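Since every read-out is calculated from the coordinates, none of them should be taken as a lab result. Just so it is clear, the structure is predicted and the values come from calculations on it, not from any experiment. All Cβ positions, even for glycine, are placed from backbone atoms using ideal geometry, and neighbour counts span all protein chains on display.
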Number of protein chains: 2
Amino acid sequence: MPEAFGIGVRERQVPLPIKISEETFTPRQQAVLTAALDLLVENGDGLTMTAVARRASCSKETLYKWFGDRDGLLTATVQWQAAKVRMPHVDRSHLSAKVLRESLQQFARDLLTTIIGEVSITLNRTAITHAAQEKDSLGNIVLENGPMAIRRRLKPILEAARDARLLRFNSSEDAYRTFFGLVVRDVQIRLLLGDNSLTQSNVEANIEADVVAATDQFLALYGAKANS
Amino acid sequence: MPEAFGIGVRERQVPLPIKISEETFTPRQQAVLTAALDLLVENGDGLTMTAVARRASCSKETLYKWFGDRDGLLTATVQWQAAKVRMPHVDRSHLSAKVLRESLQQFARDLLTTIIGEVSITLNRTAITHAAQEKDSLGNIVLENGPMAIRRRLKPILEAARDARLLRFNSSEDAYRTFFGLVVRDVQIRLLLGDNSLTQSNVEANIEADVVAATDQFLALYGAKANS
DNA sequence: ATGGAACCGTACCGTACGGTACGCCTGCGG
DNA sequence: CCGCAGGCGTACCGTACGGTACGGTTCCAT
């Protein structure tokens, strides 16, 4: 693989997954990435360079010029898509029991909604398949933009809530992981494994109930008192 | 694939085959499956028929004769290994608060220990990779021998505990899934994605604490009273 | 206009791997 | 001792796919 191209294209292979802004890729490149993602979602891992080139109406040579090799294209696709996940923003200065509960519910709702989406399932499967080959780069990207992103956003809120005497816990890490478990339960692993009895609509219909239940349970475990 | 050899073929061989679940494999076949599993664990999905044949000191022709095709070999391997997972057995007739707590802890311990094992991670990754190709057979096998097996064993105990007024819940399904979430949290998905910060020994060291914590939390949520 | 950069489409190459064919060896029943 | 079934090892085939090369086209800057 050629190691330097003086083109106005981003450098490949960043060691640590950094936040990717949308200016990182030109519109044309984003169209290619969209095609790649679509193929991933449709065809599972049947992502071939030829297929991407045909779908995006570009030449394979361009793909290799832009992304280096197949792994580079895969990485770019996952990176670009994973960075799109947006977390809810909570104002930590006005924390009340009500605001806390609603914030937690919002986190739970976003988490569940993301997890059951086709795109998320595909990206996680791709990263896991990748991780089965001693390559953890994709896995790290997904982790960084999924669970870790949630953790980064949720932990400060939990700690603020503790400072406001709304929650009680020793380790905010444990509290976060408990919240994650209460929300996700066995949904993600079953979807990743292709459980037939879990259709997306099936889960979707219960999201609200599950969100409320998980939040209630979390507050029952960590709430300073039984509250609204 | 010639249709004379169905999937999951059982060739009647010389001595008495050892019974493994419904499907029986001769010792020689089990040696082949062991080789296949070892290769899976070592090499990720780099499982090639040639590699299995070489490792097991058999000919490729024999592999195809016994297992039909690559998928058949994969299925047989997963089936054979997944069926080895054993669940704790609890005597439902002597349920007390103490026995219940210890039983739950035992379930949690077995679940965690299984999940963090190399073999489990490999099988789950393989099944998920498989599920990314519109094939859910492997996923179903893993589900059936993993989460579903636990559910089958745990739910009767939960219901017995409810009858004994040790637990309180409406849906034993929800109770089971909450237990699963409290125990597994984000450990499995992080391991599947190859999270570097989660070494096996790292998790192993905390198993006991996590088991106790998860059980305590479950009992706090579903126990009839705050009890020992 | 003209040179060149970027890029498309396609043909091409090498390899890896699933699957098959075949020759040879071994153990065993007659 | 013979024949043969089962099985090992290896050579072989076809295909799919990653990666490269190259001619032709568009577009822009000079």
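In the stretch B:62-80, is there at least one residue being crowded, with 16+ Cβ neighbours inside 10 Å and more than 16 Å from DNA strand C (Cβ to nearest atom)?
yes
For B:Gly44, indicate whether it is on the phi > 0 side of the Ramachandran plot and within 13 Å of DNA strand C (Cβ to nearest atom).
yes
Filter the stretch B:28-50 for residues that are within 14 Å of DNA strand D (Cβ to nearest atom), over 18 Å from the mean Cα position of the chain (by Cα) and hydrophobic (A, V, I, L, M, F, W, C) and give the result.
B:Ala31, B:Val32, B:Ala35, B:Met49, listed by residue number.
Restricting to helices (runs of 4 or more DSSP H) lying wholly in the stretch A:92-164: which have 1 or more residues that are away from chain B (no Cβ under 12 Å) and crowded, with 19+ Cβ neighbours inside 10 Å?
Of the helices (runs of 4 or more DSSP H) lying wholly inside the stretch A:92-164, those with at least 1 residues that are away from chain B (no Cβ under 12 Å) and crowded, with 19+ Cβ neighbours inside 10 Å span A:97-115, A:147-163.
Residue pairs, Cβ under 7 Å, 6 or more apart or interchain, first in the stretch B:35-52 and in contact (Cβ under 8 Å) with a residue 12 or more places away in the chain, second near DNA strand C (Cβ under 8 Å from one of its atoms) and not in a helix (DSSP H, G or I). List them.
B:Ala36/B:Leu47; B:Leu39/B:Leu47; B:Leu40/B:Leu47
Restricted to the stretch A:51-91, and to residues that are of a type in the set (S, T, N, Q) and part of a helix (DSSP H, G or I), which residue is farthest from the chain's Cα centre (by Cα)?
Among those that are of a type in the set (S, T, N, Q) and part of a helix (DSSP H, G or I), it is A:Thr62.
Collect the residues in the stretch A:21-41 that are loosely packed, with under 14 Cβ neighbours inside 10 Å and within 14 Å of DNA strand C (Cβ to nearest atom), keeping them in residue-number order.
A:Thr26, A:Pro27, A:Arg28, listed by residue number.
Given (1) more than 14 Å from chain B (Cβ to nearest Cβ); (2) near DNA strand D (Cβ under 9 Å from one of its atoms), where does A:Lys84 come up short, assuming only one miss?
(2)
Restricting the search to the stretch A:199-228, which residues are part of a loop (DSSP other than H, G, I, E, B) and surrounded by fewer than 14 Cβ atoms within 10 Å (Cβ to Cβ)? Show your work before the answer.
To start, the set of residues in the stretch A:199-228 that are part of a loop (DSSP other than H, G, I, E, B) comprises A:199, A:206, A:224-228.
Passing the criteria: A:Thr199, A:Asn206, A:Lys225, A:Ala226, A:Asn227, A:Ser228.
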